[in-house]
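All remarks here apply to the structure that follows.
Please treat every number below as a calculation from the coordinates, not as lab data. Please read all numbers here as calculations on a predicted model, not as lab measurements. Note: ideal-geometry Cβ built from the backbone for every residue, glycine included; neighbour counts use all protein chains shown.
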Amino acid sequence: MIHNIARDVQAFTSNAFLVSPEARGGHGDDGRTVLVDAGANFDAVSHLEGDVDHLDAVVLTHTHPDHVGNVDAIRERFGVETWGFDGSHDAVDNAVDDGDVVRIGTGDYRALHTPGHAVDHLCLHDPDGGVLFAGDLVFAGGSFGRTDLPGGDRATLVESIERVVDTVGPELQALHTGHGPSVVDEPSRALELSLQAARTR
Ligand SMILES: [Zn+2]
């Protein structure tokens, strides 16, 4: 199950996706409870306490403040470590390289280093479940990540989107982005629209 704990928050925050293992046949499960991005400027700890009694990991798509602002509070309350591309960043306890596989819920997600919006940007793709966490690479409705922040670069962003499009293929079932709504209706088409817009705008 994937639940955006920042969905109803009116503050400058990214989305923050709580991924819990599905219960199978009433038994326990071998999956991991993981938060993808921590969000910022809202009480993520209280929200998480209402949903889960532990967290196995926090995985960060990148370290912009709106994605990592809640990291310290979550680390302190749940005794959980974080994973992200830039192991030298204060918010990142464990480095994830391009191609590494990270278990999120019951999915095995491959990390794709996808710079352009941020130098340390990762997308996370589960080829079996057809799920992509895209961070701030693309958004619903043909939008794409801004490239005017330090480390941003439009040509690099386009290359990253191209790589993601080639990687996820037409089988993609769900696209979860760092801001705005997720796309479950033709998500691979949404990726294509964002790619076209990033190339031409
Ligand atoms: Zn960002």
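Tabulated results
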item: DSSP-assigned coil residues among GluC sites (Glu not before Pro) in the stretch 78-163, each with at most 13 further Cβ atoms within 10 Å; result: Glu81
item: Of Thr147, Asn94, Ala73, farthest towards positive along the dipole that unit charges on Lys, Arg, Asp, Glu beta carbons give the stretch 72-154; result: Thr147
item: Tail weight of P(r) past 24 Å, computed on alpha-carbon pairs of the chain, percent; result: 34
item: Nitroxide proxy distance, nm - points 7 Å out along Cα→Cβ at Glu76 and Asp108; result: 3.8
item: About the Cα centre, charge dipole magnitude for the chain (Lys/Arg +1, Asp/Glu -1 at Cβ), debye; result: 540
item: DSSP bridge pairs, the stretch 54-154: antiparallel proportion in percent, nearest 5; result: 75
item: Label-point separation, Arg163 to Ala95 (7 Å along Cα→Cβ), nm; result: 1.6
item: Percent of beta bridges antiparallel (DSSP, the chain, rounded to nearest 5); result: 65
item: Pairwise label distance in nanometres, Val119 with Arg201, each label 7 Å out on the Cα-Cβ vector; result: 2.6
